[in-house]
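> Below are the C-alpha cells for one structure; questions will follow.
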Amino acid sequence: MVAFTPLAIAATTLLGLTSAVPAHQVRSTGITHRITAGSTTANNGLHFEPENVVAEPGDLIEFSFLPKNHSVVQSSFDEPCAPLSSSSGTTTGIFSGFNFNTTAGEAPNVFTFMVKDRNPIWYYCSQTVGNHCQMGMSGVVNQNFGSGDKTLDMYKQNAKGTVTKQPSSDPHAFQGGWIEKNMNL
Ligand SMILES: [Cu+2]
C-alpha cells in the first residue's frame, strides 16, 4: 500500500488542479449560435431570437443587439428577472452590461460567452424602461426538456409579477463573457 501513496498524492493534486481550471478551458467546438436581442416583429421588439437554444459544451452564444438598449443577464429559473447570485449576494452568473445601445440596426459590438456544460442557462433583459423582463424578454440555453414544469413559457409567466434587479451598480459592467466587434455588420 505504501507504493500507492505517492500516486494517491499525485492524483489528489491533479484533481485539485482540474477543479481549479477555469471553465473557459472547455474545448471550443467552433460552433456559434447567434441570438438577436430585440426583434423587428415579435412582442413589440421585446424578444430574443431564437429564445430557446440547444447548445453543446464548447459552443459559443453570441448576442447582437437591436434598438431599445437591451442587456443579457443570467438568472435562476426560480427567480426570473433577478441575477444569478451566491448566498452572500455576489452575482455569479453571466451578464453583458448596457454596452450595446443603438438607434437603428444592430449595435457595433456583440456579447459572447462559451457554454460550459449542459445545465440550463436562463437569462433575461434587465432594461427597466418598458419592463422588458416582465413583458417576456427572456430566453434559455439548454432548457431541461425532461422536466415538464421548468419551461420558458413558465419562466415568462413567473416574471410578470417581479421587479427587475440589475447584476451590478455599474451599468457597463459585464462578466462571464466578452465584448467584441460585430463581424456581421
Ligand atoms: Cu430588452
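Nothing in this text is a laboratory measurement; each read-out follows from the coordinates by a stated rule. Since this is a predicted model, take the numbers as computed values, not measurements. Methodologically, a virtual Cβ is constructed for each residue, glycine included, from the backbone with ideal geometry; neighbour enumeration extends over all protein chains shown.
> If I stretch the segment between Val26 and Asn184 completely, what's the gain in nm (0.36 nm per residue apart, minus their alpha carbon distance), one decimal? Please list the in-between numbers first.
On the way: separation 158, 0.36 × 158 = 56.88 nm, distance 2.53 nm.
Length difference between fully extended and current span is 54.4 nm.
> As a check on your grasp of the helix formula, calculate [θ] at 222 nm for the chain: sum -39500 (n - 2.57) over DSSP H runs of n ≥ 4, divide by the residue count, round to the nearest 500. Please list the in-between numbers first.
Details: 2 runs with 25 residues, N = 185.
That calculation yields -4000 deg cm²/dmol at 222 nm.
> Give the shape of region 95-185 as rounded, prolate or oblate, defined through the alpha-carbon gyration tensor: a ≥ b ≥ c are the square roots of its eigenvalues, a/c under 1.5 means rounded, and otherwise the shape is prolate if a/b is larger than b/c and oblate if not.
Working: a/c = 1.88, a/b = 1.33, b/c = 1.42.
In terms of gyration-tensor shape, oblate.
> Still on this structure: Along the Cα→Cβ direction, 7 angstrom out, place labels at Met154 and Val54. What is the inter-label distance in nm?
My value for the distance between the label points is 1.9 nm.
> Students often check this: by mean Cβ neighbours within 10 Å, which of 87-93, 58-64, 102-108 ranks highest, and how do the rest follow? Before the final figure, lay out each step's value.
Details: 87-93: 11.4, 58-64: 20.6, 102-108: 13.7.
Sorting 87-93, 58-64, 102-108 by mean packing, highest first, produces 58-64, 102-108, 87-93.
> Less than 15 Å Cβ to Cβ from Phe63, Lys/Arg counted +1 and Asp/Glu -1: what total charge do the surrounding residues give? If you can, show how the numbers build up before the last one.
Values: positive: Arg34, Lys68, Lys181; negative: Glu49, Glu51, Asp59, Glu62, Glu106, Glu180.
Computed value for this residue: -3.
> Here's another thing I want to ask about it. What list of ³J(HN,Hα) couplings, whole Hz, do you get for region 153-163 from phi and the Karplus terms 6.51, -1.76, 1.60, once you set θ to phi - 60° and write x for glycine and proline?
Each residue of region 153-163 in turn: 4, 5, 4, 5, 4, 5, 6, 4, x, 9, 10 Hz.
> Net charge within 12 Å of Cys133 by Cβ-Cβ distance, Lys/Arg positive one each and Asp/Glu negative one each, not counting Cys133 itself? All intermediate terms of the calculation are to be shown ahead of the outcome.
On the way: positive: Lys156, Lys160, Lys165; negative: Glu79.
After counting each charged neighbour, the total is +2.
> What shape does region 23-88 have by the C-alpha gyration tensor, where a ≥ b ≥ c are the square roots of the eigenvalues, rounded means a/c under 1.5, and otherwise prolate means a/b greater than b/c and oblate the rest? Numbers along the way, then the final one.
Working: a/c = 2.26, a/b = 1.16, b/c = 1.94.
It comes out oblate by the Cα gyration axes.
> Can I ask one more? Just to be sure I understand the model, the point goes 7 Å from the Cα along the line to the Cβ. What's the resulting Ala104 to Arg118 distance in nm?
In this crude label model, Ala104 to Arg118 measures out at 4.6 nm.
> Then there is this: Within region 25-181, how many lysine pairs that are 8 or more places apart, or on different chains, have C-alpha atoms less than 28 Å apart?
Count of close lysine pairs: 12.
> Mind running the shape call on region 25-181? Use the C-alpha gyration tensor, a ≥ b ≥ c as the square roots of the eigenvalues: rounded below 1.5 for a/c, prolate if a/b tops b/c, oblate otherwise.
Details: a/c = 1.22, a/b = 1.03, b/c = 1.18.
Cα axes put region 25-181 in the rounded bin.
> To the nearest 20 debye, what is the magnitude of the charge dipole of region 68-185 about its Cα centre, counting +1 on the Cβ of each Lys and Arg and -1 on the Cβ of each Asp and Glu?
Numbers: 8 positive and 8 negative charges, 17 e Å.
Value, rounded to 20: 80 debye.
> What's the extension gain from Ser169 to Asn43 if we count 0.36 nm per residue and subtract their Cα-Cα distance? Walk me through the numbers on the way to the answer.
Numbers: separation 126, 0.36 × 126 = 45.36 nm, distance 2.83 nm.
Separation in residues times 0.36 nm, less the Cα-Cα distance, equals 42.5 nm.
> Mind listing the lone cysteines of the chain, meaning no other Cys beta-carbon sits under 4.7 Å from theirs?
Within the chain, the cysteines lacking a partner Cβ under 4.7 Å are Cys125.
> Turning to a different aspect of this structure: Take each of the peptides 45-52, 174-181, average the number of other beta-carbon atoms within 10 Å over its residues, and list them starting from the highest.
Values: 45-52: 19.1, 174-181: 16.1.
So the order, starting with the most tightly packed, is 45-52, 174-181.
> Expressed as an acute angle from 0 to 90° and rounded to the nearest 10, what is the orientation of the C-alpha long axis of helix 4-20 relative to the principal long axis of the chain?
10 degrees
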